[in-house]
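No value in this document is a laboratory result; all are computed from the given coordinates. The structure displayed is predicted, hence computed values, not measured ones. So basically every Cβ, Gly included, is an ideal-geometry build from the backbone, and we count neighbours across all protein chains shown.
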Amino acid sequence: MGIALIAHGGAGKWRPGSDDDALAGLTAAVEAGRRVLAAGGSSLDAVCATVVALEDNPIYNAGTGAVLNFDGFCELDACVMESREARAGAVSGLQRARNPILVARKVMEETDHVMLTGDGAQRFARVMGFPDHDPITPERRADWFDKRNRLDEVLGKHALRMRRFLQDHPEYAGGTVGAAAVDSRGVLAAATSTGGVTLKMVGRVGDSPVPGAGNYACARVAASATGTGEFVLRSLATRAIAERVERGECLATAMEAVLEGLGRDYDADVGLISVDAAGTPVARHRTRDMPHAWFAGDGPVAARMRT
């Protein structure tokens, strides 16, 4: 069977001049996953290698360099899922970890649970031997101070303006990173990691760590979502893609239908990546930007800022 992998660096509005860095980082991450698959490795190993590379790159909103919540610290979410036995593992609200995606994988492989959260997730990471790591970068700290000050100016006595302000300035939101792959044995896997939304309420959990919402893998398709997590969570977007493929739709048609529904029902700023069992990678988004990179079979790695 053919191998394929696709990854994204977050849907939204990237800052002017950042395209080259975003695409270079994604290309390197996909190359890391490709090496795993080309050597006969598993799709699970490949998506984890890809996401680890993105978590370690501070320009993305995952792992080191993730955005800060309203109180000024990181709460990291991640999920892995594999089509074999529909295995999944996830963490949410992890504050001190370099690679949340690897902690999520350990939840899947070493426990009877699917998700651990908050202090429990942090304790589990320590028990599993993951070193204590502060993911906050000086750039994110400075960015947080700036945004808090601007938000205070906008709010004043009119807290209802907050939603409009964030809609008008999507660069204030966060992004997400994710990958989906199929290996030479036909096993599919997906991995998604995020710092969530800038200035989110403490304790907020979005779609990324929830199987079927921000991350999903089954025998037909693997998918990762990015964008406004509440809408992805309410629509179970990645599972919706799989259901359409299972009913006989091609992957591209299924993704377009799910995006159309998200637009119609929520006017959601969302992006999706998927790969099917035949090794077809597809990306679609309703935002200005969604840097993504992919390869299929023996083909080269390609990268684009928008579809």
Whichever residue in the stretch 24-40 is within 16 Å of the chain's Cα centre (by Cα) and of a type in the set (A, V, I, L, M, F, W, C) and, among such residues, is nearest to PRO281 (Cα to Cα): VAL30
Note: among GLU243, GLU256, GLU260, just one is surrounded by 15 or more Cβ atoms within 10 Å (Cβ to Cβ) and free of Cβ contacts under 8 Å to residues at least 12 places away in the same chain, namely GLU243
Looking at (1) more than 30 Å from GLY40 (Cα to Cα); (2) without any contact (Cβ under 8 Å) to a residue 24 or more places away in the chain, find the lone condition where GLY248 falls short. (1)
Those residues that are among the acidic types (Asp, Glu), in contact (Cβ under 8 Å) with a residue 24 or more places away in the chain and surrounded by fewer than 20 Cβ atoms within 10 Å (Cβ to Cβ), I need them from the stretch 59-113; list them, please. ASP71
Flagged in the stretch 184-232 as under 23 Å from ALA252 (Cα atoms), more than 11 Å from the chain's Cα centre (by Cα) and of a type in the set (S, T, N, Q), in numbering order, are SER184, THR228
Among the residues in the stretch 49-58, are any closer than 19 Å to VAL221 by Cβ and surrounded by 22 or more Cβ atoms within 10 Å (Cβ to Cβ)? yes
Restricted to the stretch 1-21 and to residues being in a loop (DSSP other than H, G, I, E, B), in contact with a His (Cβ under 9 Å, 6 or more places away or on another chain) and not aliphatic (A, V, I, L, M), the residue surrounded by the most Cβ atoms within 10 Å (Cβ to Cβ) is GLY9
Show the residue pairs that are 6+ apart or on different chains and have beta-carbon atoms under 6 Å apart, the first residue being within the stretch 23-48 and crowded, with 18+ Cβ neighbours inside 10 Å, the second being part of a loop (DSSP other than H, G, I, E, B) and small (Gly, Ala, Ser). LEU26/GLY9
Within the stretch 41-135, which helices (runs of 4 or more DSSP H) (wholly inside it) include 1 or more residues that are over 19 Å from ASP207 (Cα atoms) and within 15 Å of the chain's Cα centre (by Cα)? 43-55
Pick from the stretch 265-286, criterion crowded, with 22+ Cβ neighbours inside 10 Å, out of contact with any Gly (no Cβ under 8 Å at 6 or more places or on another chain) and not hydroxyl-bearing (Ser, Thr, Tyr), ranking: farthest from ALA303 (Cα to Cα): ASP276
Of everything in the stretch 114-143 that's within 12 Å of GLY65 (Cβ to Cβ) and out of contact with any Lys or Arg (no Cβ under 9 Å at 6 or more places or on another chain), which residue is surrounded by the fewest Cβ atoms within 10 Å (Cβ to Cβ)? PRO138
Going through the stretch 219-230 in order, the residues found to be touching an Asp or Glu at 6+ places or on another chain (Cβ under 8 Å) and either of a type in the set (Phe, Trp, Tyr) or surrounded by fewer than 22 Cβ atoms within 10 Å (Cβ to Cβ) (or both) are ARG220, GLU230
Please go through the stretch 250-301 and give me each residue that is among the aromatic types (Phe, Trp, Tyr) and over 16 Å from VAL177 (Cβ atoms), ordered by number. TYR266, PHE295
